[in-house]
Each structure stands twice: as C-alpha cells, then as structure tokens.
Amino acid sequence: MDFRSSGNPSTPHTTGTRAKPGRRRRVAVGVAAAVCGTAIAVAGTYVPASAQITGGAAPAGSAADDAYYDDAKGKTGQELKDALHTIVSRDVKTLSYDEVWEALKKTDEDPENSANVKLLYSGRSQSKDDNGGGDGQWNREHTWAKSHGDFGTAPGPGTDVHHLRPTDVKVNSIRGSKDFDKGGEEVEGAPGNFTDGDSYEPRDEVKGDVARMILYMAVRYDGEESFPDLEPNDKVDNGSAPHMGRLSVLKEWNEKDPPDAFEKNRNEVIFDSYQHNRNPFIDHPEWVAEIWK
C-alpha cells in the first residue's frame, strides 16, 4: 500500500515530518518505545493458536455464510447505514471496562507469540500481562476518542472492543482525543505515526483498521439506548462534539489499506467470544463508499 502518492492534497514523506496543506508544522512530541513484531500468515490466513476453530461449519453470522448481512443486501446510502445499525446492535453482549482488558489479550494476540499482544500504533509486541498505566506499559485506547460525545468508559461505546485497542501508554497520551488526518511531526518510538496540535496519523499498516473502527462506531451508535449519535465529519478539532474526522481521509485509508488477516481474525474473535456482533466494514469495506458518498 502506498499512502504517499495520492490525489489527496498532502506532501510526500520527508524525514521525521509530514506537512498538511495550509497548516503550519508543529513541535514534535516523543516517547521512548521499542518497535518490533510482524503479522504471520498461514496459507494466507492468520490463525493464532488461541483462536483456531477446527471442524464443523462456519459460525452463524460469520462472513463465510454472509447470512448475518441478509437485511442489508441491495441497499445503499442511509438505507444501508440504518440496516447495518439494526444488524450490529442485535443481541449484543456489552462488556464492562474491566472486562475489556481480558478481551484485548485475545483480540489483539500477537500471532508470533501467544503470550503477547500487538500494539496498534507502534506495532510493538508486548507481554499481555504488562498492562496498566505505567511507563512502557500498554493500556486501552479508544480510537473513537471517548471525549467526542462524552461517553467516557460507560458500558456501550466506552467499552466496545471493536474500537478499543492496546497501545503504548505514552503514545496513547500523545494521540489523546485528536481527530485523524495527515501530517505533523513523527512520533518518537512509533515510527510512521505523525501528530500535530489537532490530529493524529497512524502508521500505514493500520490506517485502514483505524478508518473501519471509526466508521463502525458511527453505524453502531446513532442516538438510541441513551447512547450518543456518533457521526464522522470532514473536520478536525471536533472537541467534545460527537464527531470524528477527517472523513475524506478515513475513506482514502479504507481503500488503500484493505482488511488483512489480523484484522479479520480480530472481527471473528469479537463475534465468537465477546460481543457477538461484527464490524461490517471489515467484511465489506466497499460499503464505506456506499454510505458516505
């Protein structure tokens, strides 16, 4: 995937800095962290030991049979978004914030080391048990910043593991509640990540993952069940409004970084073992362009 040659108005990579059009560069922020670990493929499919399913038919509602999405077939635009909301909100198990710790140890297990998780932004492989709030530990990152809609860590959007990921404590702090966009200064200890005063750009390998997590949240939470009505927009610096940007960039990332084996497996583990719902944009990334035109 190549995020550097695009019709989107951004400049190519330069060492340590990526500029945004019409916006001044800002001072770098850093974090000391080692980066290592890569995904593994077995016959083209990621299958960690703890998540293998042997024998029998595909689980009901899995992408394999696609019956899960029957009510969405043939729809587009708002009609498709409404249908997906109904589907992914049906019979969902809601986790507590404490339960998220254990869920992430399975959903984000390093395929090369079952004792570790893979951290979203840095790509570092780290012990599952080295979690908490200390320097060098990993914690729970809300990719849809919990202040955008002010839902905090309340069960529902605050504990939905489809958008919660393990990240280095300091990198998580650097990202903060910023929207996603291109440009800024490279984050020390998280190569390929860039940030400035109002946005964060993840490394190329997870750009599509981030986009699909944000757009899932917009489909899942639409103002029902006392949850906020979350919507993406084409802005940054959204503050506490229930919006995340920048939509045009998220759409580009979804197209250029399609779901890989790790992301697909994660979707299966969440469906099978935890929430019993799916991220439709992992199973059908083409639906992003059908809804947000």
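Annotations
- Residue match in the range 199-211 (condition: touching a His at 6+ places or on another chain (Cβ under 7 Å) and either buried (at least 16 other Cβ atoms within 10 Å of the Cβ) or modelled with pLDDT of 95 or more (or both)): no
- Restricting the search to strands (runs of 3 or more DSSP E) fully inside the range 80-168 and requiring at least 1 residues that are of a type in the set (D, E, K, R) and touching a strand residue (DSSP E or B) at 6+ places or on another chain (Cβ under 8 Å) gives 113-118, 138-142, 164-168.
- Hits in the range 238-257 - residues which are surrounded by fewer than 19 Cβ atoms within 10 Å (Cβ to Cβ) and either at pLDDT below 95 or closer than 19 Å to residue 164 by Cα (or both): 240
- Residue 197 closer than 21 Å to residue 246 by Cα and part of a loop (DSSP other than H, G, I, E, B): yes
- Pairs linking a residue in the range 79-107 that is of a type in the set (Val, Ile, Thr) to a residue that is open to solvent by 10 Å² or more (accessible area, probe 1.4 Å) and part of a loop (DSSP other than H, G, I, E, B), with Cβ atoms under 7 Å and 6 or more positions apart or on different chains, are 92/276; 94/155.
- Filter result for residue 117 (touching a Pro at 6+ places or on another chain (Cβ under 6 Å) and open to solvent by less than 10 Å² (accessible area, probe 1.4 Å)): yes
- Some residue of the range 203-220 being charged (D, E, K, R), farther than 17 Å from residue 291 by Cβ and assigned to a loop (DSSP other than H, G, I, E, B): yes
- The number of residues in the range 258-293 that are open to solvent by 30 Å² or more (accessible area, probe 1.4 Å), within 28 Å of residue 176 (Cβ to Cβ) and not in a loop (DSSP other than H, G, I, E, B) comes to 1.
- Figure legend. Inter-residue proximity from the range 191-208: first residues under 21 Å from residue 235 (Cβ atoms) and among the basic types (Lys, Arg), second residues open to solvent by less than 10 Å² (accessible area, probe 1.4 Å) and part of a helix (DSSP H, G or I), beta-carbon distance below 8 Å, spacing 6+ or different chains. Indicated pairs: 207/253.
- Residue in the range 89-98 that is within 26 Å of residue 284 (Cβ to Cβ), of a type in the set (Val, Ile, Thr) and surrounded by fewer than 20 Cβ atoms within 10 Å (Cβ to Cβ) present: yes
The values are calculated or read from the model by the stated rules, or taken from the named source; none is laboratory data. Just so it is clear, the model here is predicted, and its values are computed rather than measured. Neighbour counts are summed over all protein chains in view; Cβ atoms, including those assigned to glycine, are modelled from backbone coordinates with ideal geometry. Heads up: the accessible areas ignore ligands, DNA and RNA and are worked out on the full protein's heavy atoms, side chains in. Shrake-Rupley method; radii C 1.70, N 1.55, O 1.52, S 1.80 Å.
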